[in-house]
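Following: one structure in structure tokens, then a few remarks.
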């Protein structure tokens, strides 16, 4: 007989671990399926300097380890397993990891999102050493340098504009001859004297040994390559929320789960969602943690109303 859990948390970034902490402190004995990329996007971040309470900054993986330990201290059970399938059509909900089945009175989805990458070996090697997917997180470390931003949408323009606060020059590398960004963002970027554009270019290789020293660009029209010396590369070609296993069961918008603001309730009663799997706007560790807290409190109130 499969035992029934009060709360199963799927995912383990700041949202998942905070949800687990609050649920554990409410005596709900949550089970957390951490997934294979446990800890979420912060595992790829070296220094985190904008999480309150750490005046000297903290390493991303260390912050995640501390959050996990805190949740475990209050009784959360952590499994290094990935949820591979869910059935949210019946009560209790059913969650599988391979052949193993878990049953849950409530589910908190905190599966996060992945930054889309260029798919280069050199980019992977230098991630966290000059290659970044978050200007808000890392821009500060590039004071007085020349930088490249790859992308042509609104998020790329936002990153480029934000980086001009620190960098001497920002080159936007875009594969097309014009931007995809909204008119207002285009105008802002084009009006900023620190921003230049490398049109019809793609990044062939990120250059550097141990840290970024430049990028090799290929002109898609002429096939010619040239090198651009930069101290950092910000990849801003979008994010993909990790929602594949919920398709057809939970409401989505552009792949992100939809919740009933200001709460975290999805379209299925008793299923809540938090963090980057919901949030395409802020995508910060602190906002994800805040939503994880809300999701656990929503789950607790739901269980109480159900008489559990």
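The values are calculated or read from the model by the stated rules, or taken from the named source; none is laboratory data. What you are looking at is a predicted structure, and each value in this text was computed from that prediction instead of being measured. Virtual Cβ from ideal backbone geometry, glycine too; neighbours counted across all protein chains shown.
Please go through the stretch 290-308 and give me each residue that is buried (at least 22 other Cβ atoms within 10 Å of the Cβ) and closer than 21 Å to residue 60 by Cβ, ordered by number.
Matches in the stretch 290-308: 291, 292.
What is the number of the single condition among (1) under 30 Å from residue 40 (Cα atoms); (2) assigned by TED's automatic domain parsing to the domain that holds residue 128; (3) crowded, with 18+ Cβ neighbours inside 10 Å that residue 256 does not meet?
(2)
Just need a number here: residues in the stretch 23-33 that are surrounded by fewer than 24 Cβ atoms within 10 Å (Cβ to Cβ) and within 23 Å of the chain's Cα centre (by Cα).
The qualifying residues number 1.
Inspect all residues belonging to the stretch 69-76 and state whether any of them is loosely packed, with under 14 Cβ neighbours inside 10 Å, closer than 20 Å to residue 9 by Cβ, modelled with pLDDT of 95 or more and touching a strand residue (DSSP E or B) at 6+ places or on another chain (Cβ under 9 Å).
no
Is it the case that residue 269 is on the phi < 0 side of the Ramachandran plot, out of contact with any strand residue (DSSP E or B) (no Cβ under 8 Å at 6 or more places or on another chain) and either part of a strand (DSSP E or B) or in contact (Cβ under 8 Å) with a residue 12 or more places away in the chain (or both)?
yes
Just checking, which of 123, 101 is touching a strand residue (DSSP E or B) at 6+ places or on another chain (Cβ under 8 Å), surrounded by fewer than 14 Cβ atoms within 10 Å (Cβ to Cβ) and at pLDDT 95 or above?
Selected residue: 101, the only one of 123, 101 that is touching a strand residue (DSSP E or B) at 6+ places or on another chain (Cβ under 8 Å), surrounded by fewer than 14 Cβ atoms within 10 Å (Cβ to Cβ) and at pLDDT 95 or above.
I want to confirm something. Restricting to the stretch 139-150 and keeping residues that are within 19 Å of the chain's Cα centre (by Cα) and surrounded by 24 or more Cβ atoms within 10 Å (Cβ to Cβ), which single residue is nearest to residue 47 (Cα to Cα)?
149
Here are some conditions: (1) within 23 Å of residue 251 (Cα to Cα); (2) surrounded by fewer than 17 Cβ atoms within 10 Å (Cβ to Cβ); (3) touching a strand residue (DSSP E or B) at 6+ places or on another chain (Cβ under 7 Å). Residue 12 meets all but one. Which one does it not meet?
The number of the failed condition is (2).
Identify, by number, the condition in (1) exposed (fewer than 13 other Cβ atoms within 10 Å of the Cβ); (2) touching a residue at least 12 places away in the same chain (Cβ under 8 Å); (3) on the phi > 0 side of the Ramachandran plot that residue 53 doesn't meet.
(2)
Give just the number: which of (1) within 17 Å of the chain's Cα centre (by Cα); (2) farther than 20 Å from residue 153 by Cα; (3) touching a residue at least 40 places away in the same chain (Cβ under 8 Å) does residue 306 not satisfy?
Failed condition: (1).
Determine if the stretch 286-298 includes at least one residue that is in the same structural domain as residue 90 (by TED's automatic domain parsing), more than 26 Å from residue 39 (Cβ to Cβ), touching a strand residue (DSSP E or B) at 6+ places or on another chain (Cβ under 9 Å) and not in a strand (DSSP E or B).
Looking through the stretch 286-298, none of the residues is in the same structural domain as residue 90 (by TED's automatic domain parsing), more than 26 Å from residue 39 (Cβ to Cβ), touching a strand residue (DSSP E or B) at 6+ places or on another chain (Cβ under 9 Å) and not in a strand (DSSP E or B).
Inspect the stretch 231-254 for any residue being touching a residue at least 40 places away in the same chain (Cβ under 8 Å) and farther than 30 Å from residue 15 by Cβ and give the result as yes or no.
yes
Considering only the stretch 168-187, state which residues are within 26 Å of the chain's Cα centre (by Cα) and surrounded by 13 or more Cβ atoms within 10 Å (Cβ to Cβ).
Passing the criteria: 170, 171, 172, 173, 174, 175, 179, 180, 181, 185, 186.
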